[in-house]
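Engineer: Dumping the structure here so I can ask a few things about it.
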Amino acid sequence: MTTMPQRPLTITEAADTTGLTPRTLRHDERDGLLLRPVDRATPGHRRYTDRDLRWIEMITRLRATRRPIHEVRAHTTLVRSDDGNEPRRPELLCRHRDRGRAELAVGQDHLDAIEQKMTAHEAHVHEVDAEDRAG
């Protein structure tokens with residue numbers, strides 16, 4: 001995400017800033033993923049504040065780490081309720097982080113296996129080339 005704006009942004013400007021589409025921004029609001037309803041200008045056009053954009057960045061990161069929407073919504077609900085549940089928020093984020101790290105480790109194992117296969121193929125190609133030159 002780029003630097004935060006000094007004034008509220010239209011949905012198009014917010015989409016450009018966040019890298020999301022206006023449709024996704026509308027969906028996130030409708031789906032209860034934002035901390036509060038987005039402010040509206042007189043004709044009903046959405047106006048996104050710095051706070052809105054920071055939260056959108058957070059939920060975008062959670063989704064990018066493959067967190068299910070119901071978990072993102074649960075985190076949003078905790079933050080929105082602000083009823084002394086602060087100790088529960090880090091617990092939820094720690095679970096997200098730990099699962100993300102486990103997924104990264106699995107992905108790294110897959111990449112390592114691919115790298116080994118590439119090395120084996122490369123060695124085989126060099127052997128064939130050497131035999132062809134000798135042959």
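The values are calculated or read from the model by the stated rules, or taken from the named source; none is laboratory data. Keep in mind the model is a prediction, meaning the values are calculated, not measured. Methodologically, a virtual Cβ is constructed for each residue, glycine included, from the backbone with ideal geometry; neighbour enumeration extends over all protein chains shown.
Engineer: Can you find a residue that is surrounded by fewer than 10 Cβ atoms within 10 Å (Cβ to Cβ), of a type in the set (Gly, Ala, Ser) and over 30 Å from residue 9 (Cβ atoms) anywhere in the range 59-67?
Structural biologist: Within the range 59-67, none of the residues are surrounded by fewer than 10 Cβ atoms within 10 Å (Cβ to Cβ), of a type in the set (Gly, Ala, Ser) and over 30 Å from residue 9 (Cβ atoms).
Engineer: Give 21, 12, 77, 49 a once-over and let me know the one that is out of contact with any Phe, Trp or Tyr (no Cβ under 7 Å at 6 or more places or on another chain), at pLDDT below 95, among the hydroxyl-bearing types (Ser, Thr, Tyr) and surrounded by 10 or more Cβ atoms within 10 Å (Cβ to Cβ).
Structural biologist: On the way: 21 fails: at pLDDT below 95; 12 fails: at pLDDT below 95; 49 fails: at pLDDT below 95.
Going through 21, 12, 77, 49 in turn, the sole match is 77.
Engineer: Let me ask something else. In the range 71-115, what residues are of a type in the set (Asp, Glu), under 20 Å from residue 31 (Cα atoms) and not in a loop (DSSP other than H, G, I, E, B)?
Structural biologist: Within the range 71-115, just 71 meets the criteria.
Engineer: If you check every pair at least six apart or on different chains, which have Cβ atoms under 7 Å apart with a residue in the range 64-87 that is of a type in the set (D, E, K, R) first and a residue that is at pLDDT 90 or above and in a loop (DSSP other than H, G, I, E, B) second?
Structural biologist: 73/32; 73/33; 80/35
Engineer: In the range 58-70, which residues are under 8 Å from the mean Cα position of the chain (by Cα) and either of a type in the set (A, V, I, L, M) or in a helix (DSSP H, G or I) (or both)?
Structural biologist: So in the range 58-70, the residues under 8 Å from the mean Cα position of the chain (by Cα) come out as 58-66.
Scanning the range 58-70 gives 58, 59, 60, 61, 62, 63, 64.
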